[in-house]
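Down below is the structure, laid out as structure tokens.
The values are calculated or read from the model by the stated rules, or taken from the named source; none is laboratory data. Predicted, not measured: the structure shown is a model, and the values here were computed from it. All Cβ positions, glycine included, derive from the backbone under ideal geometry; neighbour counts span all protein chains shown.
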Amino acid sequence: MRARGRAARPSGRSGTEADNSSPIPGVIGDNGVMSDHTARHAPQSPASHPTPLEIRDEVIRLGQALKLANLVEDGADARVVIEAGLVQVNGDPETRRGRQLRHGDIIEFSGEAVKVVPSGR
């Protein structure tokens, strides 16, 4: 019978070795600080490059927009995440499911960002 507990470590490394290597070589210097090059090219927040969400009309309600953007599965899910304050509109938390969004508004939820834009018709 095998003893329960910790899994065996992969061969080639002892458990006492410190791993000071960066997961991406050349990104973190020996001093543990991110290089200037990396800082300039670091990924931006989701709001800096939002995915376009095309709408036919001038406005769309927040709950509908979350569904259309596939950020939630249905209206019940939209209601829960909005009321919990997990959704931001233009950088501010929004708790009103019926909030009307217009072209240019940015919705952020769960690490994703979408920008309301007119459809290409």
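Which residue, of Leu71, Leu86, is in a loop (DSSP other than H, G, I, E, B), surrounded by 18 or more Cβ atoms within 10 Å (Cβ to Cβ) and under 13 Å from the mean Cα position of the chain (by Cα)?
Just one listed residue meets the conditions, Leu71.
For the condition modelled with pLDDT of 95 or more and in contact with a strand residue (DSSP E or B) (Cβ under 6 Å, 6 or more places away or on another chain), what is the one hit in Thr95, Thr51?
That would be Thr51, the only listed residue that is modelled with pLDDT of 95 or more and in contact with a strand residue (DSSP E or B) (Cβ under 6 Å, 6 or more places away or on another chain).
How many residues does the stretch 99-120 contain that are farther than 18 Å from Thr51 by Cα and at pLDDT below 95?
Counting residues in the stretch 99-120 that are farther than 18 Å from Thr51 by Cα and at pLDDT below 95 gives 0.
Which members of the stretch 46-68 meet the condition of being loosely packed, with under 14 Cβ neighbours inside 10 Å and assigned to a helix (DSSP H, G or I)?
Within the stretch 46-68, Ser48 is the sole residue that qualifies.
Looking at the stretch 76-98 only, could you name the residues that are more than 19 Å from Pro52 (Cβ to Cβ) and touching a residue at least 12 places away in the same chain (Cβ under 8 Å)?
Once the filter is applied, which keeps residues that are more than 19 Å from Pro52 (Cβ to Cβ) and touching a residue at least 12 places away in the same chain (Cβ under 8 Å), the stretch 76-98 yields Ala78, Arg79, Val81, Ile82, Glu83, Leu86, Glu94, Thr95, Arg96, Arg97, Gly98.
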